[in-house]
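Structure first, then comments.
The values are calculated or read from the model by the stated rules, or taken from the named source; none is laboratory data. Since the model is a prediction, treat every value here as computed from it, not as a measurement. Here the Cβ positions follow ideal geometry from the backbone for every residue, glycine too, while neighbour counts run over all protein chains shown. Ligands, DNA and RNA are stripped out before the accessible areas are found, and what is left, the full protein with its side chains, is counted by its heavy atoms. Shrake-Rupley method; radii C 1.70, N 1.55, O 1.52, S 1.80 Å.
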Amino acid sequence: MRVLLLLLLSLPLAAQDTTGVGGLLGTVTTAQGQPAPQVKVCLVDSSRCTTSDDRGLFRFPDLRPGDYQLDITAPGQPPIRSSVVTVRAGLEGKVEVTLAAAGALQQTLTVTESVFVAPEEIKSSSYVIQTEELFKAAGARQDVSRYVQLLPGVAIGANDFRNDIIVRGGSPLENLFIVDNIEIPNINAFANFASAGGTTSILDAQLIRDVTFLTGGQPAPFINRTSSVLQVAQTEGARDRLRGRITAGDPGIGGIVEGPLNKGKGSWIVSARRSYLDLFTKDIGIGGVPVLYTYNAKVLYDLTPRDRIWAVSISGSDDIRLGLREEKERKATFDEEELNNLDIRYGGWRSANGFNWQRLYGARGVGLLGITHSEARVDQSVRDLIRNGIPPPTANIPNLIAASPTVFRENSREGETTIKYDYTGYLPLLDKLQAGGSFKLFRVNYNAASPFGTDSPYTTIRDVNPFDIRQQFSARQSSAYVQSSRNLNSRWNLTWGGRVDNYQFIARTRFSPRAGLSYRINDKLSWRASFGTYFQQPQFLFLAAFPQNRFLTPFRAQHVVTGFTYIPSASLRFTVEAYRKDYKDYPVSTQFPSLSLASVGDTFQIRDILFPLTSAGRGRASGVELFAEKKWGAKWFGNANLSISRARQAGLDGVLRPSTYDFPVIFNSVGGYRLNKRWEFSARTTVTSGRPYTPFNTALSTQQRRGIFDLTRVNDLRVPAYVRIDVRVDRTFTFRDKPLLVFLGAQNVINRENISGYQWARRANRPVANEQLGLFPIIGLNWIF
């Protein structure tokens, strides 16, 4: 008798890696398509076996990441062994086994391309990014944040120089970052304590195995953030021999070394990178040159077949000087560039380290204990070179800088220590049960001052809100959650649960319910819906800036998401989703009635966004998203999406206005084509509606020689539409019998003059456009040895 086994290993559309394991879910059918019960399925080189039930279903939950083979034995027949099946953390692979008709003589086995299968607890708004997509996509610049800007409902922030993530109209402050079970406040370089973005990621893209991005309706195990969860699983080191590679690209030059521990019982991998522009010049046209060092490392060891431990370390150090510079001949636009009016010195350092212990309990489930600590420091100063008057063109620049007043300085530090435990098990009635909790201890030391305040464009009064923050304190946050996912029948699946979070610093406790429901219409089409309430404490810097801010409460976002998923072939899927987010208790300015904290966050200018606040804001965002995706196959990958949305936020006056992050139309597409083993091509297109902005009151602005908004027209206008096309070409050579990849590309290849907004040029005393990045070349290499 011939047995035909068709195994479909999935790289799912969603994942939830809370215990560091994955799983396999399978079905066995006869040649006529009927369920095949009592078929024995075993993991090779393991004692774990299971048998298909009356519906032909079988499952291996709680598998550690790695490569597996299956022995499949139909009643009365010899076992057939599969080829390698890869399991990844947080991903549930789908295995479909078809038994051929009796009487056949040949035994065959085929493993096809991936299909998309959602883990049962994930119901909506979730995406998985593979390493090759992240590393080779045009315009991503090997930065995970820049890649997810291509996904449905995600917009680029204030400008191309930053990598902020704007999700469904939410502020970039509303996103959660997790790397190998370590929660990291900010994964980016050149960042500050009042934002979640920066210029580039401190994560090495070549150490990333999978990225899971949840943009709404995320389930209970994730700590509360009101917009999204970005979860990164890093690769393990090689267990067979010492390996290495040399890399160069947009983030810098560096190397990766990896190898085994104790004859393959464990592994280690280390990456170190350094930016290189300062090796060639002291000024790239901004008064200085950025210098960045990053370090990533991971060590993993299997203590026993049940016990695995791993440690992760991620750090980055950065330094830059921006401002007025020596020029032989001033450009015609000199008076229009605000950077020529300032002297900015910035130095930063951030690090996150974690230890995890994973314990398999067999049929009872799996537990994961994590202990992590993150630390960040920012040391910066800003001098205003024209505060005391516009200097003559012949002024000596070093003397001018020394004589100019410091309008902002900071030497602050934040630390966060977390202990957490997550458990996943399978119980009668509840089916899949997830439960856990965490305790966080924050240590904060702020030393920041803005002695002259800020010339806010929201008022005609100069120098408002001066501050001198000298605070050192600790704070605690504790949480617990429970969640269950069960099949109501062969078509319906229900997920329900909730979490409790206690915010000791502001003396508040909140309960957040979650629920999700899915219906399998047929093998290719499913309907899904999710609901959740999410709370988030404002950042400590906002709470500490002014005494009244200590009385802020956690702001709330309520998510409702529903949609359909259609999977017509092995690695192709289409989705359509509709969502609504309702905000309440958002921090808003007590002085400027139209200003909400929901409309700031993607900026380097910290003193401009620190002001007295109260929890009285509200808002809402809604939209529809269309998405098509083709994962990497033999030749190509690609995805395209269209988002139509509306985002509104209200300040203390209660008037709902277009949010700063209101982009009614967003279109993204990215794709790559492998011509042969040597040549690959990639291209990206992004088109978005123009960003809202408030026009200046020209008369008042001219009179005071600074920008003052026309408050009767807050966010009443839009900049022109944003259009960008990026390209990249990869060529693989052989150098010393090892593959050498060289890539060339360009961002904004059409050199379109995109505009992010307008500012008032104080020297020229007129409004000027803030231009985005023009044509920007990209070059790099990767040599594996």
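By its C-alpha gyration tensor, with a ≥ b ≥ c as the square roots of the eigenvalues, how is the range 647-719 shaped: rounded for a/c under 1.5, else prolate for a/b larger than b/c, else oblate?
Prolate, since a/c reaches 1.5 and a/b exceeds b/c.
Counting only C-alpha contacts under 8 Å and six or more residues apart, can you give the relative contact order of the range 494-553 as a whole percent?
It comes to 27 percent, rounded to a whole number.
Give the ranking of Thr509, Thr495 by solvent-accessible surface, highest area first, calculated with a 1.4 Å probe. Display every interim value, and only then the final one.
On the way: Thr509 75, Thr495 5 Å².
Listed by decreasing accessible area, they come as Thr509, Thr495.
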Mean separation of Cα pairs under 8 Å and 6+ residues apart, divided by the residue count of the chain: what relative contact order is that in percent?
10
Give, as ranges by residue number, the residues of the range 527-555 whose backbone N falls under 13 Å from the point 7 Å along Cα→Cβ of Thr509.
none
So what's the convex hull volume per residue for the Cα atoms of the range 349-411, in Å³?
128
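Compute the normalised compactness of the range 335-493: alpha-carbon radius of gyration over 2.2 N^0.38 Å, N being the residue count. Kindly include the intermediate steps, with their values, before the conclusion.
Values: Rg = 26.3 Å, N = 159, 2.2 N^0.38 = 15.1 Å.
The value comes to 1.74.
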Table column - 3J(HN,Hα) (Hz), the range 192-197, Karplus curve with 6.51, -1.76, 1.60, x for Gly and Pro:
9, 7, 10, 8, 10, x
For Trp527, the accessible surface traced by a 1.4 Å probe with all protein chains present amounts, in square angstrom to the nearest 10, to 60
What value, in deg cm²/dmol to 500, does the helix sum -39500 (n - 2.57) over DSSP H runs of n ≥ 4 give at 222 nm once divided by the residues of the chain?
-1000 deg cm²/dmol
Which of the peptides 155-163, 535-543 is most tightly packed, and how do the rest follow, judged by the mean count of other Cβ atoms within 10 Å per residue?
155-163, 535-543
Test of understanding: extend the Cα→C-beta vector of Arg330 to 7 Å, then name every residue of the range 381-402 with backbone N under 11 Å from that spot.
390-395
I want to check the label-to-label distance for Arg443 and Asn522. Put each point 7 Å from Cα in the C-beta direction and report it in nm to one decimal.
6.1
Select from Phe408, Leu322, Val257 the residue farthest towards the positive end of the dipole of the chain; place +1 on Cβ of Lys and Arg, -1 on Cβ of Asp and Glu, and compute about the Cα centre.
Val257
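Take the cross-link list Lys432/Lys631; Lys94/Lys440; Lys94/Lys677 and give me the ones stretching past 32 Å between alpha-carbons. Intermediate values should be presented prior to the final figure.
Numbers: Lys432/Lys631 29 Å; Lys94/Lys440 36 Å; Lys94/Lys677 29 Å.
The answer is Lys94/Lys440.
Would you mind working out the magnitude of the charge dipole of the range 374-465 relative to its Cα centre, with +1 at each Lys and Arg C-beta and -1 at each Asp and Glu C-beta, to the nearest 20 Debye?
Numbers: 10 positive and 10 negative charges, 25 e Å.
The dipole magnitude comes to about 120 debye.
Compute the length gained on full extension between Ile401 and Val729: take 0.36 nm times their separation in residues and subtract their Cα-Cα distance, giving the result in nm to one decimal.
Numbers: separation 328, 0.36 × 328 = 118.08 nm, distance 4.41 nm.
Contour length minus the Cα-Cα distance gives 113.7 nm.
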Using only the alpha carbons of the range 697-757, determine the length spanned along each of the three principal axes and report them from longest to shortest in whole angstroms.
69, 22, 16
Relative contact order %, the range 327-393, counting alpha carbon pairs below 8 Å whose residues are six or more apart
37
Specify whether the C-alpha gyration tensor of the range 164-218 places it in the rounded, prolate or oblate class, a ≥ b ≥ c being the square roots of the eigenvalues: rounded for a/c under 1.5, otherwise prolate if a/b is larger than b/c and oblate if not.
oblate
Give me the aspartates and glutamates in straight-line cross-link reach of Lys136: C-alpha distance below 15 Å, same-chain residues under 8 apart excluded.
Asp204, Asp210, Asp250, Glu680, Asp726, Asp730
Place the peptides 133-142, 451-460, 662-671 in order of packing, highest mean first, counting for every residue the other Cβ atoms within 10 Å and averaging per peptide.
133-142, 662-671, 451-460
Reachable aspartates and glutamates from Lys420, Cα under 19 Å, same-chain residues fewer than 8 places away excluded?
Asp17, Asp62, Asp180, Glu183, Asp307, Glu375, Asp501
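Val44 to Ala363: FRET efficiency via 1/(1 + (r/R0)^6), r the Cβ-Cβ distance, R0 22 Å, to the nearest 0.05?
Values: r = 19 Å, r/R0 = 0.87.
The calculated FRET efficiency here is 0.70.
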Within the range 256-400, how many Lys pairs that are eight or more residues apart, or on different chains, come under 20 Å at the alpha-carbon?
4
Accessible area of Leu99, 1.4 Å probe, to the nearest 10 Å²?
30
State the label only: which of (i) 57; (ii) 19; (iii) 33 corresponds to percent of Cα pairs over 48 Å apart computed from the shown model?
(ii)
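Probe of 1.4 angstrom, ligands and nucleic acids ignored: what's the accessible area per residue over the chain, in square angstrom?
On the way: 30780 Å² over 785 residues.
Averaged over the residues of the chain, the accessible area is 39 Å².
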Expressed as a whole number of Å, what is the distance separating the alpha-carbon centroids of the range 678-740 and the range 172-243?
23
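Divide the volume of the convex hull of the Cα atoms of the range 425-519 by its number of residues and quote the answer in cubic angstrom per residue.
152
Share of the chain's accessible area from carbon and sulfur, percent, 1.4 Å?
Working: 17600 of 30780 Å².
About 57 percent, which is the carbon plus sulfur part of the accessible surface.
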To one decimal place, what Kirkwood hydrodynamic radius in Å is obtained for the range 115-236 from all pairs of distinct Cα atoms?
14.5
Hey, if we sort Cys49, Cys42 by accessible area with the 1.4 Å probe, largest down, what's the order?
Cys49, Cys42
Can you find, among Ala529, Val378, Ser645, the residue farthest towards the positive end of the dipole of the chain? Put +1 on the C-beta of Lys and Arg, -1 on that of Asp and Glu.
Ala529
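How would you classify the range 187-252 from its alpha-carbon gyration tensor, with a ≥ b ≥ c the square roots of the eigenvalues: rounded for a/c under 1.5, else prolate if a/b is greater than b/c, otherwise oblate?
Note, shape of the range 187-252 comes out oblate.
If you count the DSSP beta bridges with both ends in the chain, what percent of them are antiparallel, to the nearest 5?
Working: 309 of 325 bridges.
Counting DSSP beta bridges with both partners in the chain, the antiparallel share is about 95 percent.
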The correct ranking of His373, His559 by accessible area at 1.4 Å, largest first, is His373, His559
In the full protein assembly as shown, how much of Leu652 is accessible to a 1.4 Å probe, in Å² to the nearest 10?
80
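How big is the charge dipole of the chain about its Cα centre, in debye rounded to the nearest 20, if each Lys and Arg gets +1 on its Cβ and each Asp and Glu gets -1 on its Cβ?
Values: 92 positive and 70 negative charges, 154 e Å.
With only Lys, Arg, Asp and Glu charged at Cβ, the dipole is about 740 debye.
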